[in-house]
1. Pairs under 6 Å by beta carbon, first residue modelled with pLDDT under 95 in region A:227-239, partner not β-branched (Val, Ile, Thr), six or more apart or different chains?
2. Would you confirm whether any residue within region A:1-18 is touching a residue at least 60 places away in the same chain (Cβ under 8 Å) and of a type in the set (Lys, Arg)?
3. Being closer than 26 Å to B:HIS231 by Cα, touching a helix residue (DSSP H, G or I) at 6+ places or on another chain (Cβ under 9 Å) and in contact (Cβ under 8 Å) with a residue 12 or more places away in the chain is true for just one of A:THR199, A:THR189, A:THR116, A:THR157. Which residue is that?
4. How many residues are under 13 Å from B:THR63 (Cβ atoms) and touching a residue at least 24 places away in the same chain (Cβ under 8 Å) if we restrict to region B:307-319?
5. Based on this model, can you work out whether A:SER283 counts as modelled with pLDDT of 95 or more, of a type in the set (Ser, Thr, Tyr) and over 23 Å from A:ALA72 (Cα atoms)?
6. For region B:220-263, give me each residue that is assigned to a loop (DSSP other than H, G, I, E, B) and within 10 Å of chain A (Cβ to nearest Cβ).
7. Would you check if there is a residue in region B:288-297 being closer than 20 Å to B:GLN58 by Cα, crowded, with 21+ Cβ neighbours inside 10 Å, in contact (Cβ under 8 Å) with a residue 60 or more places away in the chain and not small (Gly, Ala, Ser)?
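The values are calculated or read from the model by the stated rules, or taken from the named source; none is laboratory data. Computed from a predicted structure; not experimentally measured. As a convention, Cβ positions derive from the backbone with ideal geometry for all residues, glycine included, and neighbour counts pool all protein chains shown.
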2 protein chains.
Amino acid sequence: MIIDCHGHYTTEPKDLHRFRKDQTEAVKNKTPLPPRAGLKMSDDEIRSSIEGAQLKLQRERGTDLTIFSPRASGMGHHIGDFAVSQEWTEVCNDLVHRVCNLFPKNFIGVCQLPQTQGESPTSSIKELERCVKELGMVGCNLNPDPSGGYFNAPPLTDKWWYPFYEKMIELDVPAMIHVSGCCNPAQHTTGSYYLNADTMAVMQLILSDVFKDFPKLKLIIPHGGGAVPYHWGRFRGIALDNKRPELAEIMGNNIFFDTCVYHQPGIDLLTKVVPVDNILFASEMVGAVKGIDPNTGNNFDDTKRYVDGSALSAADKQKIFEGNAYKVYPRLKAQIEKQAHHGHSHA
Amino acid sequence: MIIDCHGHYTTEPKDLHRFRKDQTEAVKNKTPLPPRAGLKMSDDEIRSSIEGAQLKLQRERGTDLTIFSPRASGMGHHIGDFAVSQEWTEVCNDLVHRVCNLFPKNFIGVCQLPQTQGESPTSSIKELERCVKELGMVGCNLNPDPSGGYFNAPPLTDKWWYPFYEKMIELDVPAMIHVSGCCNPAQHTTGSYYLNADTMAVMQLILSDVFKDFPKLKLIIPHGGGAVPYHWGRFRGIALDNKRPELAEIMGNNIFFDTCVYHQPGIDLLTKVVPVDNILFASEMVGAVKGIDPNTGNNFDDTKRYVDGSALSAADKQKIFEGNAYKVYPRLKAQIEKQAHHGHSHA
């Protein structure tokens, strides 16, 4: 079984975009918000949006299951107040749940959170609980920068986040640290902003005691860990200069990087320097890079090819493709079984 | 000749720190600024600060010349108004000039700029001109984020920067894109902030026409190009998706990455994916990482070992160590000769 731990629903039905646009306009103009009951997204529409894209690519590339969450750039935590974020988040999570119901063997859900600039993360606990307990989701995407590009939230190691971490541990779910669309013209959403948030997050964690406070906290840093593997010596050196342990020890059973790195030399570097137990297979398709690499004839984001092509042993590749995922997402195995045997049902 | 294109004067005389502290306090308290005439930094003090550090390391590591600028994290463009930034900048540049006078064969100057949050870059033209024409400096460090960590300045591709670029081209000097100390608690100055600024800058340049407008503009992206080489496929893919050319073509004779990457696999990746003509040798010593790698027994920032250890041909290594530097810093060769034959003199 090959598990892709990083997929977003980026081929959503058109009416979802209409609804969000109406919602955003209403926020801007201080007019009434669009009614959620007005949303028109049929099962057929959802089915065909998946069959022609993520499901087709799973089959073509030989992957089996995608851990699936709402479009990351669409979370838009900088838009509107908590009530707006809450409603939008429920709509997006419910939609991902419908995808998992329609394709129970191919998709397991992960939720977005109703974060809002300046709002305490405790406000996101209720939706996390709903998604895990009622929708069978196995993790969440936690945004370290709800401002959308100005990095002005407290570091992930600040006690600001602690009540949310407590709930994650109680529910036994990890978080992928993932920002949303960038409204700062200096940063490009998928080009620089995503990677910068990843690098920022790892550096915050390196110098902190957050995993002493929460030994069971599990955080996934997407996009191959941002800049960290390439600058492994720099981060190791800074850690050691600061009397911290080796990075491999700091990562331990707490920090995991995915394989969303879109060329062979990048994956070779990642798998060379980062402990294999801390790497999760992922492609982020259909996502940041949709094109075909003219040098290889394959999609840039067909990361399975790069992992296959790496120098790792078969046993190590199995960890990356499947084994590590069960460790990082403790609820995953049971949810796979539940969806496989009974179709998808409420947890 | 081995030229290290990225060194900062990080072992400055104590009284420089006293002066800056007084200046910063005065800004905060709105009291009179400390008199510049009160600065006490003797030639002997400067000499010993260099002999025991950068010069010693040049000799130990077998490098010959450092392109030398004021401490990057000390530029502090978010502190005070333009007048404060101007005075501090002049003090720092004059000090680097004294180092170059005392060790004319070992150091060639590059200047910091009196940038200030919200202030047009045209205000930095006068100091650039003074440093190049009067102090014999061959380049400048341009800060893409004078806010010190919030990335709220216009992108480097915005016309906001164009008058400054015009002056750079008139004077025939490149800029290293380098932020200063971070006052944003979410980002760590040398761990995440520096790299994030590098990645942000490259992404801005990839999608822009700034090099059509300024075919002779030369920008050095330090710290190995941030996250870009590791995510070369991602950036290539985004460029191609946006109907831009291949990254190698975009970099052309305009964008250069240095070798401040502190482990062998990182340098191997850099030299594998980035055209050799676009790589400049650099160590950033004495800088971000001062320790010794327990795995190798060598300093993390002894990057010459990694370039030596790479699979590149001798001819390619020579380009990185020396040849490319003359192309990127057109005034370098003449300045080296001037300083070697006559001691350092005013240009």
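1. Every condition considered, no pair remains.
2. no
3. None of the others qualify; the one that does is A:THR199.
4. Residues that pass the stated criteria total 1.
5. Criteria not met by A:SER283.
6. B:GLY226, B:ALA227, B:VAL228, B:PRO229, B:TYR230, B:HIS231, B:ASN242, B:GLU246, B:CYS260, B:VAL261, B:TYR262, B:HIS263, listed by residue number.
7. Among the residues of region B:288-297, at least one is closer than 20 Å to B:GLN58 by Cα, crowded, with 21+ Cβ neighbours inside 10 Å, in contact (Cβ under 8 Å) with a residue 60 or more places away in the chain and not small (Gly, Ala, Ser), which makes the answer yes.
Residue by residue, here is whether (1) under 18 Å from A:ASP4 (Cβ atoms); (2) free of Cβ contacts under 8 Å to residues at least 40 places away in the same chain; (3) out of contact with any Phe, Trp or Tyr (no Cβ under 9 Å at 6 or more places or on another chain) holds:
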residue: A:ARG71; (1), (2), (3): yes, no, no
residue: A:MET75; (1), (2), (3): no, no, no
residue: A:GLY80; (1), (2), (3): no, no, no
residue: A:GLN86; (1), (2), (3): no, no, yes
residue: A:VAL96; (1), (2), (3): yes, no, no
residue: A:CYS100; (1), (2), (3): yes, no, no
residue: A:ASN106; (1), (2), (3): yes, no, no
residue: A:VAL110; (1), (2), (3): yes, no, no
